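The values are calculated or read from the model by the stated rules, or taken from the named source; none is laboratory data. Quick caveat, the model's predicted, so the values are computed rather than measured. For neighbour counting, all protein chains shown are included, and Cβ atoms are generated from backbone atoms with ideal geometry for every residue, glycine included. Side chains are part of the model used for accessible areas, which takes the heavy atoms of the whole protein and leaves out ligands, DNA and RNA. Shrake-Rupley method; radii C 1.70, N 1.55, O 1.52, S 1.80 Å.
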Amino acid sequence: MNPVWIMTGKEVRDSLRNRWVLAATLLLAALALSLGFLGSSPTGSVKADPLTVTVVSLSSLSIFLIPLIAMLLAYDAVIGEIERGTMALLLSYPVSRWQVLVGKFIGHLIILTLATTLGYGLAGIALQLAYGGLDLAAWRPFALLIAASVLLGAAFLAMGYLISAKVKERGTAAGIAIGVWLFFVVIFDMALLGILVADSRQTITAPMLETVLLFNPADVYRLLNLTGYENTAMYAGMAGLSEQIHLGTPLLLAVQLLWIAVPFALAAWIFRKRQI
């Protein structure tokens, strides 16, 4: 069997044994159900589909939760194995370093995909059954939410691998991972908002702002979910913005894929040169 798939299977089995999948799935399902039932209570009067309302709420809260789960999975993927001495033993077998890294990354991505799809998917089915039956049309924005959540998680997984391949101690990796998470999900948008408020002469144009948003995978995720469909844009209060914005879904998806490919390529390059 290809060494990549052997490493992938090992990571999946380890995560299943550690209850990572179960814990993340229950957490995401509980979050989606809570937001769905609490947020859908007024939808009977406005005829809004509960899934559409849930997409708007989850798009905001998933930005905090999905990247944090991804960072917790990835921050010790390399340095943890090195500190325990298992990486040197692993590399004594006929397996290359890139195969180890790719196999571990795919394994973690499978865990994240399982947890997100099961957690959000089961919650979505429960919501629709509770409010009158399945409506396949309402699942399009919800399916986009699940796919975009997996891509967002993959971007932070790749950044976690980059951190793990570079640092010399697990504690340092954990600290930097939390710092990176905090920067992208909180500080970046707060700083951008402060600059916009201070820009009294309006020198920052709309195209400039769109370009800046592409430098944050969390903002790319938010734009994907809240401007991708008319209903979600309307309930999110971004209907006017979605008509003016020039960033289409294909471009946003391509940028999010770059946020996965570039950090992971850097992690592979650093890991290849690292002394074990």
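Below is a table of values for the structure above.
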read-out	value
Pair list, Cβ under 6 Å, 6 or more apart: region 206-218 residue without any contact (Cβ under 8 Å) to a residue 60 or more places away in the chain, other residue β-branched (Val, Ile, Thr) and open to solvent by less than 60 Å² (accessible area, probe 1.4 Å)	LEU214/VAL255
Tabulated pairs, region 160-173, first over 8 Å from ALA77 (Cβ atoms) and assigned to a helix (DSSP H, G or I), second open to solvent by 50 Å² or more (accessible area, probe 1.4 Å) and not basic (Lys, Arg), C-beta under 6 angstrom, 6+ apart or interchain	LEU162/LEU266; ILE163/ILE176; ARG170/GLU83
Residue check for VAL56: in contact (Cβ under 8 Å) with a residue 40 or more places away in the chain, farther than 19 Å from ARG13 by Cα, open to solvent by less than 60 Å² (accessible area, probe 1.4 Å) and not in a helix (DSSP H, G or I)	no
Odd one out for VAL185 among (1) open to solvent by 20 Å² or more (accessible area, probe 1.4 Å); (2) part of a helix (DSSP H, G or I)	(1)
Qualifying residue in region 44-52 (condition: farther than 21 Å from TYR221 by Cα, in contact with a helix residue (DSSP H, G or I) (Cβ under 7 Å, 6 or more places away or on another chain), open to solvent by 10 Å² or more (accessible area, probe 1.4 Å) and modelled with pLDDT of 90 or more)	no
Scan of region 74-121 for residues that are closer than 20 Å to LEU26 by Cβ and open to solvent by less than 30 Å² (accessible area, probe 1.4 Å), ordered by number	HIS108, ILE111, LEU112, ALA115, THR116, GLY119, TYR120, GLY121
Single match in LEU193, LEU145 (criterion: touching a helix residue (DSSP H, G or I) at 6+ places or on another chain (Cβ under 9 Å), assigned to a helix (DSSP H, G or I) and not small (Gly, Ala, Ser))	LEU145
Region 230-275: number of residues that are in a loop (DSSP other than H, G, I, E, B) and either at pLDDT 90 or above or exposed (fewer than 13 other Cβ atoms within 10 Å of the Cβ) (or both)	4
